[in-house]
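Working notes, beginning with the structure itself.
Laboratory data are not the source of any read-out in this text; all were calculated from the coordinates shown. Quick caveat: nothing in here was measured; it's all calculated off a predicted structure. Cβ sites come from the backbone with ideal geometry, for glycine too, and all protein chains shown count toward neighbours.
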Amino acid sequence: MLKSGPVPRYYQLKEIIRQKVTGGQWAPGTPIPSERELCEQYGLSRMTARQSITELVNEGYLYREQGKGTFVAQPKITQQLIQLTGFTEDMEARAKHPATQVLKHEMVPADAVVATALRIKPGQLLFRVQRLRLANGEPLAIETSLVNFIGCEHLMDEDLEHESLYQILEKKYGQPPLEADQELEARLAGEEEARLLKIGKGDPVLHIHRTTYTDRNQPLEFAKSIYRGDKYRFYTRLNRK
Ligand code: 16G
């Protein structure tokens with residue numbers, strides 16, 4: 001039963017449901033009780049129950065499927081935006097099994113945008129790899145990395161399906177990724193992106209551009225990543241100086 005008092009009833013129900021989801025009492029993918037059942041159980045109006053559910057859908061705890069009902073969402077991966085990490089490292093830190101499908105790898109001439117980011121001349125040959133990144137078998141991101149350093153063509157022989165790019169760069173080539181500039185923007189998935197990420201065309205995705213630097217601020221990687229919007233949340237701590 002809900003308490004009478006200053007805390008709105010929709011909010012109380014929302015907190016009850018949220019705790020069942022975050023506490024694991026209701027598992028991801030399972031349907032939640034219908035609005036009618038919630039109203040009866042907690043003595044609420046339909047409008048009030050709907051408000052609680054809508055807010056939880058908007059916050060990513062639940063999702064609706066037309067004609068089927070409302071279900072518990074998979075928890076999102078929270079990625080901090082403070083330390084420079086690679087995908088493999090990120091997933092291992094979360095006890096998830098990372099996997100990679102190399103979609104393409106080739107040597108390509110730098111276009112004007114890439115040349116500016118990597119501070120090289122347009123037309124210079126770079127290593128380019130496009131990868132689908134998965135965690136526990138589920139596709140999470142499509143990443144296209146362009147890498148430049150003297151001898152970068154040797155990356156063509158590396159097994160990027162089974163090894164981490166950042167580890168190879170650091171351990172084999174003495175090019176540790178040390179710092180990065182990163183920009184994030186919201187977009188909608190195109191047809192090909194949706195197919196690879198196993199989402200619907202037009203679903204939200206996050207586009208991330210990263211320029212990674214090695215020693216003495218030397219640009220090393222220019223990467224474009226497309227992350228599933230329903231799987232990621234980014235976190236950063238802000239200080240007021
Ligand atoms: C991250 C980077 C990507 C980098 C990759 C290396 C973002 C947005 N992108 O996913 O630029 O190439 O890590 O991962 O974070 P790896 O070491 O597992 O190959």
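Which pairs break 23 Å Cα to Cα here: 96/172; 20/198; 3/231; 14/231; 76/104; 68/96? Distance filter (> 23 Å) returns 96/172; 20/198; 3/231; 76/104; 68/96.
Rounded to the nearest 10 degrees, the inclination of helix 46-58 to the longest alpha-carbon principal axis of the chain is 10 degrees. Fewest-first ordering of 192, 89 by other beta carbons within 10 Å of each residue's beta carbon gives 192, 89. Distance between the C-alpha centres of segment 112-141 and segment 197-226: 8 Å, rounded to the whole angstrom. Largest first, the three principal axis extents of the alpha carbons in segment 1-121 are 68, 30, 28 Å in whole numbers. Each Cα pair under 8 Å and six or more residues apart adds its separation to the average, and for the chain the resulting relative contact order is 16 percent.
Is it possible to state the helix-based mean residue ellipticity at 222 nm for the chain, with each DSSP H run of 4+ residues giving -39500 (n - 2.57), the sum divided by total residues, to the nearest 500 deg cm²/dmol? What is it?
Values: 7 runs with 63 residues, N = 241.
Per the formula, -7500 deg cm²/dmol.
With all projection directions averaged, the alpha carbon convex hull of segment 195-241 covers 5.6 nm².
In the chain, the longest principal axis of the Cα atoms and the axis of helix 9-22 are about 50 degrees apart.
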